[in-house]
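The values are calculated or read from the model by the stated rules, or taken from the named source; none is laboratory data. Just so we're clear, the structure is a prediction, and the values are computed from it rather than from any experiment. Don't worry about glycine lacking a Cβ; one is built from the backbone with ideal geometry, like all the others, and counts go over all protein chains shown.
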Amino acid sequence: MASDPEETKTPEGAAPEAPAEAPPEAPAPTRGRARRAKGPKPPKAPKAPKATKAERAEQADQAAKAAKAKREVRALKPGQVNVYSIDGTPLRSVELPPVFHAEVRTDLIRRAVTAFQANRRQPYGPSPKAGMRHSVRWSGKGQGVSRVPRIRGTMRGAQAPGTVGGRKGHPPRIEKIWAKKINYRERRLARNAALAALRDATLVAGRGHRFQADLSLPVVVEDALEAIEREDGAAKAGLEIIEALGLWPDVERAKEGRHVRAGRGKLRGRRYRTPKSLLLVVKDPRKVRRAFGNLPGVDVIGVSSLNAEVLAPGGDAGRLAVFSEGALEAIRSWQP
C-alpha cells in the first residue's frame, strides 16, 4: 500500500531537498531595435563656491602688493631712474640725460605746439561767386518794402550781405596765411622743457594718466622691448609688457574715453576722438609699431621725431612716456 506523501519523513541530519526552480520566462517580443538598459547616473561633482566680493578685492590687493614688491629696489638718487625688464622687474638704475634737467617752460611749450598746429592748416575759402547765382531785382522806391534785391517773382531777399538768405559779407579768404613762425632756439627749448616735464609725477598725473605710484618716470625699459620676435602674436606680447609694467590702466582710460566728436568734423572722416595715452620712444619704430600701434591712444615714435607737440599734446606738459634704454642713450648727446 502506497504511503501518503505528507507522512514521509526525512532522516535526521539530512538536508531538506531544495524546491525545484521555475523555468525562466521568455523575454517579451520587442519591435525594432532593442532598448539599451540605462544604468544609474554617476553623481555630479560639487560646484566650487563663487568668490565673494571681499575675497575678490583681497585677491586683487595681494596681486598689487606682489607686483609692488617685484619692483621694489634701493632708493634712487636725484636724477636717476630704474631700468625695467619686459616682465616689470627693475634691473638697475641709470642717470637721466642732461636735457631732462631743463626748466619746464609751459609758455614755450604752448607757443611751439600752437605753431605746429597752425602750420598744418590748409587755406580754404568759398567760390568767388558763392551766394550771387540768383536772378534778382530791385523794386525801387515807394513800394512800401525795404530796398533789398529780391528773387524775381517772389519777395525773398537774396545776394545782398545784410539780407536774410544773402551771401556772406566777409567770408574766409585763401590768401590768409595761417602759419606761425618760431625761432629754432625757442623750438629746441620747448622740446627740452617738454622732455623735462616727463619726469614730474605731478604734471603726469595732472594730465589724467594712470600709473603705479612706485614707478620711476619716465619709464625706461631694456632694449628687449625692440626685439619682439613673435610675429604672429606681437600685439599679445606688447599687451603683456604693458601689463607687467603696470601701465594698462592708462590704456583702458583711453579706450573708455573714446567719444563722438562735436561739430561738423564727424561728417568729415574724423567722427571719434580718443584721449592720448602712452608715448613709446624707441630707436626703430617700425618694429615696435607692430606690437603697440593698435592700442588706443598709444603712439610709437623714433628719437629723431621728438618735438613739443608729441611730448605735450595740446600744449599740456607731462605725458606718460616709455623709453627704450637705447633711445635714452641716444638723447644723452643732445644740447640742453
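Is it the case that Thr106 is of a type outside the set (Lys, Arg), without any contact (Cβ under 8 Å) to a residue 12 or more places away in the chain and either within 30 Å of Leu311 (Cβ to Cβ) or surrounded by fewer than 18 Cβ atoms within 10 Å (Cβ to Cβ) (or both)? No: the conditions fail for Thr106. Residue check: is Ala213 loosely packed, with under 10 Cβ neighbours inside 10 Å, in the same structural domain as Gly315 (by TED's automatic domain parsing) and within 30 Å of Ala63 (Cα to Cα)? Yes. Quick one: in the range 192-210, which of the residues that are within 19 Å of the chain's Cα centre (by Cα) and surrounded by fewer than 19 Cβ atoms within 10 Å (Cβ to Cβ) is farthest from Val288 (Cα to Cα)? Among those that are within 19 Å of the chain's Cα centre (by Cα) and surrounded by fewer than 19 Cβ atoms within 10 Å (Cβ to Cβ), it is Gly206.
Is the range 169-190 home to any residue that is of a type in the set (Val, Ile, Thr), at pLDDT below 95, within 30 Å of Glu325 (Cα to Cα) and in a loop (DSSP other than H, G, I, E, B)? No: the range 169-190 contains no residue that is of a type in the set (Val, Ile, Thr), at pLDDT below 95, within 30 Å of Glu325 (Cα to Cα) and in a loop (DSSP other than H, G, I, E, B).
This table checks each residue for (1) touching a residue at least 12 places away in the same chain (Cβ under 8 Å); (2) surrounded by 11 or more Cβ atoms within 10 Å (Cβ to Cβ); (3) under 30 Å from Gly166 (Cα atoms).
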{"site": "Val83", "(1), (2), (3)": "yes, yes, no"}
{"site": "Pro90", "(1), (2), (3)": "yes, yes, no"}
{"site": "Glu95", "(1), (2), (3)": "yes, yes, no"}
{"site": "Pro128", "(1), (2), (3)": "no, no, yes"}
{"site": "Arg150", "(1), (2), (3)": "yes, yes, yes"}
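State which residue pairs qualify: first residue among the aromatic types (Phe, Trp, Tyr) and inside the range 286-312, second residue surrounded by 20 or more Cβ atoms within 10 Å (Cβ to Cβ) in any location, beta carbons under 8 Å apart, and separation of 6 or more residues or different chains. Listed pairs, sorted by first residue: Phe292/Gly238; Phe292/Ile242; Phe292/Leu278; Phe292/Leu280; Phe292/Val298; Phe292/Val300.
So for the range 107-124 (the condition being β-branched (Val, Ile, Thr) and assigned to a loop (DSSP other than H, G, I, E, B)), does at least one residue qualify? So far as the range 107-124 goes, no, none of its residues is β-branched (Val, Ile, Thr) and assigned to a loop (DSSP other than H, G, I, E, B).
Has the range 72-79 got at least one residue that is in contact with a Leu (Cβ under 7 Å, 6 or more places away or on another chain) and at pLDDT 80 or above? Reasoning before the result, please.
Within the range 72-79, the first condition is being in contact with a Leu (Cβ under 7 Å, 6 or more places away or on another chain), and the residues that meet it are 79.
Then drop every residue that is not at pLDDT 80 or above, which leaves 79.
Within the range 72-79, one or more residues are in contact with a Leu (Cβ under 7 Å, 6 or more places away or on another chain) and at pLDDT 80 or above.
Considered as a group, the residues in the range 257-312 that are hydroxyl-bearing (Ser, Thr, Tyr) and assigned to a loop (DSSP other than H, G, I, E, B) include one that is nearest to Asp223 (Cα to Cα), and that residue is Ser277.
Can you pull out the residues in the range 301-316 that are surrounded by 22 or more Cβ atoms within 10 Å (Cβ to Cβ) and under 20 Å from the mean Cα position of the chain (by Cα)?
Leu311, Ala312, listed by residue number.
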